[in-house]
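Quick notes on the structure that follows.
Computed from the coordinates by the stated procedures, all read-outs in this text should not be read as laboratory data. All of these numbers come straight from a predicted model, not from anything done at the bench. Neighbour counts are summed over all protein chains in view; Cβ atoms, including those assigned to glycine, are modelled from backbone coordinates with ideal geometry.
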Amino acid sequence: MKLNSMNKIIKHTQPIRGMKDIPPLQYDLFQRVVDSASKIARRYCFENFATPILEYSSVFDRTLGETSDVVNKEMYSFVDRSGQGVTLRPELTAGIMRAVLSEGLIQNLPLKFFSYGPLFRYDRPQAGRQRQFHQVNFEIIGEESYSVDVEAIKIGYDIVKDLAISDITIEINSLGCADSRVIYQQKLVEYFARYESELSEDSKLRLYKNPMRIFDSKDDRDKILASGAPRISAFYTKLASSRFEKILLMLNELSVPYQVNELLVRGLDYYCHTAFEYSTNAIGAQTAIGGGGRYDGLARIMGSKSDIPSIGLALGIERIMLLLKDQESYNKAHLGIFPISELEINASYLIASKLRDLDIPINLYEKGKLGKRIERAISKGCNYAAFLGENELIRNEFKLKNLITGEECMLSYDDLLKTIREQFAC
Ligand code: HAM
């Protein structure tokens with residue numbers, strides 16, 4: 001019996017490779033990104049939407065593209081206890097479109113959904129690349145106007161600005177419409193086939209299935225060959241090129257800086273027309289902090305009778321956190337209540353409870369030497385301290401100390417309440 005329970009002791013004291021805990025200081029940065037994105041989502045009238053983390057595998061493997069790395073190499077897929085193939089979501093877009101179709105929301109188009117949460121991709125972990133990571137994500141579903149493409153690009157730009165992140169480049173491309181892409185892909189196959197033996201093994205596999213994916217290769221020889229490849233702009237229909245021009249013009253009018261990059265194809269196959277990425281050189285090899293694009297054909301792949309013109313974007317929270325790491329941490333200001341001895345503990349809890357009901361952030365510091373307690377409180381962001389000793393209890397008073405300026409005063413409960421409510425604006 002004893003041996004059995006000893007065998008059950010958990011051996012692993014580290015998280016799974018590529019998956020990270022988010023301890024408090026890191027979580028401040030995490031929350032800062034989520035708060036900024038939520039604020040911008042409200043500004044653009046997005047509604048919040050959450051989908052399950054686990055979906056049937058077909059939601060992703062039929063939609064993201066069989067030649068995409070995400071589907072080929074990175075999905076966390078397994079068979080559940082009922083024999084169903086399921087996948088931990090590697091991205092949010094396909095799950096949201098699944099939900100729009102399965103919830104019958106198609107009657108209410110256009111829709112604007114904001115989401116955030118964890119995603120899973122089994123890639124080689126490195127700085128800025130994790131197997132569990134998080135995104136903030138925006139989808140505009142059922143709207144074909146070029147102006148929403150501008151809106152999508154601007155949303156990411158607004159978040160980056162709101163977080164005071166500098167040196168971000170916005171790269172944009174148009175992948176044209178489905179018809180022009182078919183002709184373009186044929187030209188690309190003809191071009192790359194001439195160099196087939198020089199291509200990387202991955203790109204050889206992509207060549208006949210989806211040659212545009214070769215533009216995404218990190219292999220140096222592939223990159224040189226890609227730079228000499230025919231450009232998609234030569235194959236745009238009139239409609240596709242005028243749409244792209246209008247988008248660029250409107251971005252100019254809004255003073256959103258961008259660069260057109262005709263080799264930008266993005267890592268997922270559902271995109272058409274506008275594709276864009278936000279990139280930086282400040283976090284090592286992983287340059288993309290976010291990206292998105294139009295995915296008019298995704299709904300049809302998922303069973304809709306017709307296309308649903310849609311566009312969206314996602315920003316990688318961890319990559320943005322790397323850019324925020326030198327910024328000051330989240331506001332943790334609070335009132336600390338310090339019972340001087342054990343006799344004041346109950347009274348301190350009662351007061352804390354009353355003040356918390358008024359939305360005042362309170363923490364109790366009740367154990368240890370007073371000096372050490374104050375040090376600990378300051379390190380946790382405590383800016384006001386209320387001391388409660390025997391005398392204070394008898395006189396129904398508190399000693400309030402501003403821990404930043406060192407000022408102190410004796411206050412009645414009502415005056416304490418008044419002062420603290422002013423300080424914490426509640
Ligand atoms: P994505 O480009 O695959 O797009 O991912 C968006 C962002 O998520 C990336 O730019 C990056 O910042 C972050 N990211 C991706 N993989 C990892 C990883 N392994 N570790 C850390 N961060 C990562 C999408 O997911 C699309 N669903 C975006 C979209 C929304 N398109 C239309 N609507």
Exercise for the section: Give the Rg (one decimal place) followed by the Dmax (whole number) of the range 199-352, computed from C-alpha coordinates and expressed in Å. Expected result: 24.9, 82
Practice task
Would you give the gap between the C-alpha center of the range 208-239 and the C-alpha center of the range 150-186, rounded to a whole Å?
Solution key: 17 Å
Practice task
Show the residues, 5+ positions off or on another chain, whose built amide H is closer than 5 Å to the amide H of Asn383.
Solution key: His334, Gly336
Problem - Other-chain or far-sequence residues with amide H under 5 Å of Thr274's (modelled H) - result: Leu175, Arg294
Completion exercise
Taking every other residue with Cβ under 14 Å from the Cβ of Ile96 and scoring Lys and Arg +1, Asp and Glu -1, one gets -2
Fill in the blank from the handout: Footprinting proxy, Val256, Val265, Val100: sorted fewest to most Cβ within 10 Å, the residues are Val256, Val265, Val100
Problem - Overall dimensions of the range 327-380 by Cα: Rg and Dmax, Å - result: 12.2, 42
Exercise for the section: Determine which lysines satisfy two conditions relative to Lys73: a Cα distance under 17 Å, and not lying fewer than 8 residues away in the same chain. Expected result: Lys204, Lys209, Lys218
Handout entry: Anisotropy class of the range 375-426 from Cα gyration tensor, a/c 1.5 cut
Key = oblate
Exercise for the section: Return the tail of the calculated pair distribution for the range 1-159, meaning the percent of Cα-Cα pairs more than 25 Å apart. Expected result: 44 percent
Handout entry: Stokes-Einstein D in µm²/s, Kirkwood radius over Cα pairs - the chain at 10 °C with 1.306 mPa s viscosity
Key = 63 µm²/s
Exercise for the section: Using only Cα atoms, tell me the angle between helix 178-193 and the longest principal axis of the chain; keep it within 0 to 90° and round to the nearest 10. Expected result: 70 degrees
Handout entry: Burial ordering of Met212, Met410, Met97, fewest other beta-carbon atoms within 10 Å first
Key = Met410, Met212, Met97
Practice task
Compute the Cα gyration tensor for the range 161-256, then decide on rounded, prolate or oblate, letting a ≥ b ≥ c be the square roots of its eigenvalues: rounded whenever a/c is under 1.5, prolate when a/b is larger than b/c in the other cases, and oblate in all that remain.
Solution key: oblate
Exercise for the section: Compute the Cα gyration tensor for the range 17-93, then decide on rounded, prolate or oblate, letting a ≥ b ≥ c be the square roots of its eigenvalues: rounded whenever a/c is under 1.5, prolate when a/b is larger than b/c in the other cases, and oblate in all that remain. Expected result: prolate
Fill in the blank from the handout: Least to most buried among Glu344, Glu407, by other C-beta atoms within 10 Å and fewest first, runs Glu407, Glu344
Practice task
With +1 on each Lys and Arg Cβ and -1 on each Asp and Glu Cβ, and nothing else charged, work out how big the dipole of the range 281-426 is about its Cα centre, in Debye to the nearest 20.
Solution key: 560 debye
Practice task
Check the straight Cα-Cα distances from Lys380 and name the lysines below 27 Å, setting aside those fewer than 8 residues away within the same chain.
Solution key: Lys20, Lys39, Lys325, Lys332, Lys354, Lys367, Lys369, Lys372, Lys399, Lys401, Lys418
Handout entry: Cα-based convex hull volume of the range 315-426 per residue, rounded to whole Å³
Key = 132 Å³
